[in-house]
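Worksheet for the structure shown next.
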Amino acid sequence: MKILIVKCLKDNYSYIIYNEENLLAAVIDPSEAEPVINEIKRNNLKLKYILNTHHHYDHVGGNLKLKEKYKCEVVGYEDDKDRIPEIDISLKDNQKWENELFECEILHIPGHTSGHICIYIKEINALFTGDTLFSLGCGRIFEGTYAEMFNSLNKMKKFPKKTKIYCGHEYTQKNSEFCLSIDTKNSKLKNKINKIKNNIKLDKPTIPSTLEDELECNIFLRADNLEIQKQLGINSTDPIETFTKLRELKDNF
Ligand code: ZN
Ligand code: FE
């Protein structure tokens, strides 16, 4: 199985997963149809499924056109079935769903939206995190509480460290500046930033990241770090308080 990274809109990524033998394919979060259609044509793929992490237009914008063209099925979270255009198959929290391409595991990770999910595909070692976990950042909280977002990020820590993280946007550089502004002594972060800068210079995606990198460098996954709490002037050791402060600072960064 292979993953193609498809640039969409201004800074979105859609991901095509396909089987190199039979050319069956699925797409995650098609922001728009055209760039996805181009990749499908270029690789002679047969699109079977569209999977959506959440209902925002920049993640579902291509659903209708792709479904009409390829007669594929749309898959999303059950509680969002009224908001995900053209949905055919609805999945539950903690559900394992198998199709002719792969088996995946769904986790409900509310905060950015109330019906946000992530999709884990063990066979390719990949976690699709939509707008919840970004490389070196996390999504804005639109429909949930800070505690919900914090718990959702924590849920994803359970996957193997080598898991590749495929997120919904290319926000990595700006995120890295925020991390470094607070986590000033983190040498692993500094190393990662060098690699990021190099990719951007070559016009290459900074995605995928790895869960290991994120655990070590993403400040939103490090809200329990005493050094970071000290830096923020927080006296309590409640990581939710630290996380809340970080998210508020980032909103105005
Ligand atoms: Zn979104
Ligand atoms: Fe988005």
Checklist outcome for this item: Averaged per residue, the 1.4 Å probe accessible area of the chain, protein heavy atoms only, in Å², is roughly 46 Å²
Checklist entry - Going toward the positive end of the dipole of segment 1-104, with +1 on Lys and Arg Cβ and -1 on Asp and Glu Cβ, which of His59, Gly76, Asn44 do you reach last? => result Asn44
Checklist entry - Which residues' amide hydrogens lie under 5 Å from the amide hydrogen of Tyr77, considering only partners 5 or more residues apart or on another chain, with H built in the peptide plane? => result Leu91
Checklist entry - Taking a 24 Å limit on the Cα-Cα distance, which of the listed pairs Lys155/Lys185; Lys157/Lys201; Lys161/Lys185; Lys96/Lys192; Lys10/Lys204; Lys192/Lys250 fall beyond it? => result Lys155/Lys185; Lys157/Lys201; Lys96/Lys192
Item to check | Calculated over segment 34-145: convex hull of Cα atoms, volume per residue (Å³) | outcome: 116 Å³
Checklist outcome for this item: Computed about the Cα centre, the charge dipole of segment 1-134 from +1 Lys/Arg and -1 Asp/Glu charges at the Cβ has a magnitude in debye, to the nearest 20, of 420 debye
Next on the checklist: Helix 172-182 against the longest principal axis of the chain: what's the angle in degrees, Cα atoms only, rounded to the nearest 10?
Outcome noted: 20 degrees
Checklist entry - For the chain, what is the mean residue ellipticity at 222 nm derived from helices alone (per DSSP H run of n ≥ 4: -39500 (n - 2.57); sum divided by total residues; nearest 500 deg cm²/dmol)? => result -9500 deg cm²/dmol
Item to check | Extreme residue, positive dipole direction of the chain, given options Leu24, Ile182, Met1 (C-beta unit charges) | outcome: Ile182
Item to check | Positive-end residue, segment 172-253 charge dipole about Cα centroid, Cβ charges, pick of Leu215, Leu246, Asn198 | outcome: Asn198
Item to check | Sites matching GluC sites (Glu not before Pro) across segment 54-104 that sit in DSSP coil, with at most 14 neighbouring C-beta atoms within 10 Å | outcome: Glu100
Checklist entry - Check Thr210: other-chain or 5+ apart residues with amide H under 5 Å from its amide H, H built from backbone geometry? => result Ile165
Next on the checklist: Could you compute the net charge surrounding Lys174? Neighbours are other residues with a C-beta less than 11 Å from the C-beta of Lys174; K and R count +1, D and E count -1.
Outcome noted: -2
Checklist entry - Mind checking the dipole of segment 116-161: about its Cα centre, +1 per Lys or Arg Cβ, -1 per Asp or Glu Cβ, Debye to the nearest 20? => result 260 debye
Item to check | Residue-by-residue Karplus 3J(HN,Hα) for segment 204-216, coefficients 6.51, -1.76, 1.60, Hz, glycine and proline x | outcome: 9, x, 8, 9, x, 8, 10, 4, 4, 4, 5, 5, 8
Checklist entry - What are the principal axis extents of the Cα atoms in segment 46-99, in Å, biggest first? => result 31, 24, 15
Next on the checklist: Could you give each residue of segment 132-149 its phi-based ³J(HN,Hα) in whole Hz, using Karplus coefficients 6.51, -1.76, 1.60 with θ = phi - 60°, and x for Gly or Pro?
Outcome noted: 9, 9, 9, 5, 6, x, 9, x, 6, 8, 9, 10, x, 9, 4, 5, 4, 4
Checklist entry - With charges set only on the Cβ (+1 for Lys and Arg, -1 for Asp and Glu), what does the dipole of segment 1-77 come to about its Cα centre, in debye to the nearest 20? => result 220 debye
Item to check | Degrees separating the helix 33-42 axis from the principal Cα axis of the chain, which is the longest one | outcome: 60 degrees
Item to check | Cα-based reach from Lys162 at 12 Å (exclusive), listing aspartates and glutamates while leaving out same-chain residues under 8 positions away | outcome: Glu212, Asp213, Glu214
Item to check | Once the Cα gyration tensor of segment 143-244 is diagonalised, semi-axes √(5λ) in Å | outcome: 23, 17, 12
Next on the checklist: How large is the convex hull of the C-alpha atoms of the chain per residue, in Å³?
Outcome noted: 117 Å³
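The values are calculated or read from the model by the stated rules, or taken from the named source; none is laboratory data. This structure is a prediction, so every number in the text was calculated from the model and none was measured. No Cβ is skipped: glycine too gets one built from the backbone with ideal geometry, and neighbour counts run over all protein chains shown. Remember, those area values only see protein heavy atoms, side chains included, never the ligands or the DNA or RNA. Shrake-Rupley method; radii C 1.70, N 1.55, O 1.52, S 1.80 Å.
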